[in-house]
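To start, the structure under review is shown below, and the notes come after it.
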Amino acid sequence: MSRMLSNFRVLDLTNVLAGPFACHQLAHMGADVIKVEVPGSGDLARQLGADPELNARKMGVSFLAQNTGKRSITLNLKDPEGKAALKALVKTADVLVENFRPGVMKRLGLDYDVLKAENPALIYCAISGYGAEGPMKNLPAYDQIIQGMSGVMSITGSEQSAPLRVGYPIADTLGGMTAAFAISTALAGRSQSGEGCFIDVSMLESTLATMGWVVSNYLIAGKTPVPMGNDNFTASPSGAFKTGEGLINIAANKQEQFESVCEVIGKPELKTDVRFSERQARLQNRKAMTEILEAAFASHPAEHWETVLNQHGVPAGRVMSVPEALDLPQVKQREFEAVFDDVDGVEQPVHVARPGFLVDGKRPEVGCPPPALGVDSKAILHDLGYSHADIEQLAERGVI
């Protein structure tokens, strides 16, 4: 079941994160993903990451993270023979994904209408900052720009520190997840209709779509979202609290959970205190509640309170670093990390994240590591019917 897309071929013409992340998900579900890259340089992510030596080898950490399970072919899409090779690939493919600015593929003579003529069943997915239509369609967009334009930054941080960028490329990632979902849905629909389609993914709209509660509070209730730091705007006590050592997140969203908190900290009288006895009163007196809780929590570290609160039915968890999160026994047991020991151009083992779900108790995985630039070009072209002499000529001319 974890190889559900094994009968499908995906052409990945994307760069950096949103598109590669989308195709990364499809590869983990068994799709044959062929990464089509620019000769000599490839995906820009090959030169990005925390290890300068890997960047110089065009195997940057940013590339390694999103491209396991893919094959790589280099094609100069500005060259007529490069275009012809892509069209030959399209005839064998089910999906093509690109994240160029709108209009780039049309200028190359490789837009959806052209490729649809080669393969009427092709599912063509274009990922861009703002979408293929509209007054902003031609503007360049990167993750931080979308975070700002979507309103994400305006509600991240406290009243004093906002606006703040979310600490990882959330808009790129959401755009990629949206694309993977749309592509999978289109493949399911095509099994009934036999027809391909054009999927237009906007990173801006993908991000807005995940901001359901704050967007709906404005659209329905007319309440403009504001930054609230580590507090949960729906309930109190719900947020991050100081302890004797470290921060702890608590989500006492129900009345019985609040009452359990009162028992845990040895202050049962708070249950009948008019400032806190009802949900709305606790929201209005959040600051006073926080002061009382943090005074009590100062007696023990966050790990102690995490255990005790959960034992009493109050959702709680320490605020952890990324290394600490990856080292959790829960994460280790479910085999979230994959390790590749044989990656071309990389001397150390490569640890990468797998998708965040299991299918029939098994974590989706891929059978090959991130590819060196163009390592599969000759084999793929040979499978398309190109002779050895043809392939050597394309290499000499810089087409591959």
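What follows is calculated from the coordinates using simple rules that are stated; it is not laboratory data. Everything quoted here is computed from the prediction, not taken from an experiment. All Cβ positions, glycine included, derive from the backbone under ideal geometry; neighbour counts span all protein chains shown.
With Rh defined as the Kirkwood radius, the inverse of the mean 1/r over Cα pairs, the Rg/Rh of the chain is 1.06. Debye sum, Cα scatterers, segment 300-400, no solvent: what log₁₀ I/I(0) at q = 0.15, 0.21 1/Å? So the normalised log intensities work out to -0.85, -1.10. Counted as membrane-span-like here are DSSP H helices of the chain whose alpha-carbon atoms extend 24 Å or more along the helix's own axis and whose Kyte-Doolittle mean is -1.0 or above; these are 170-193.
In straight-distance terms, cross-link reach from Lys91 covers every one of the lysines whose alpha-carbon lies under 16 Å from its own, apart from those fewer than eight places away in the same chain; here that gives Lys35, Lys83, Lys116. To the nearest 0.05, how large is the calculated FRET efficiency for Ala221 and Glu53 if R₀ is 51 Å and r is the Cβ-Cβ distance? The value I calculate is 0.45.
Net length available on complete extension from Cys368 to Val61 is 108.9 nm, with 0.36 nm assigned per residue and the Cα-Cα distance removed.
Calculated translational diffusion coefficient of segment 238-319 (37 °C, 0.692 mPa s; Stokes-Einstein with Kirkwood radius over alpha-carbon pairs) equals 266 µm²/s.
Summary value for segment 247-400: 17 percent relative contact order, contacts being C-alpha pairs under 8 angstrom separated by 6+ residues.
Under the simplified labelling scheme, the Glu159-Glu133 pair shows an inter-label distance of 4.3 nm, with each label point 7 Å from Cα along Cα→Cβ. Averaging Cα coordinates gives a centre for segment 15-78 and one for segment 234-257; these two points are 41 Å apart. Looking at the chain, the DSSP beta bridges with both ends there are about 40 percent antiparallel.
Evaluated with a Cβ-only charge set (Lys, Arg +1; Asp, Glu -1), the chain carries a dipole of roughly 800 debye about its Cα centre, given to the nearest 20. Full extension of the chain between Ser41 and Val308 gives 90.7 nm of extra length, using 0.36 nm per residue less the Cα-Cα distance.
Taking a straight line from the alpha carbon of Lys242, these lysines sit under 23 Å away, with near neighbours fewer than eight places off in the same chain left out: Lys254, Lys267, Lys271, Lys287. Label separation (Glu294 vs Glu278): 2.8 nm, computed from points 7 Å beyond Cα along the C-beta direction. If both residues of a DSSP beta bridge must be in segment 238-319, then about 90% of such bridges are antiparallel. Exposure here means at most 15 other Cβ atoms within 10 Å; with chymotrypsin sites (Phe, Trp or Tyr not before Pro) in a DSSP loop as sites, the longest stretch of the chain lacking them is 143-356. When you restrict to C-alpha pairs under 8 Å that are six or more residues apart and normalise by the size of segment 238-319, the relative contact order lands at 45 percent.
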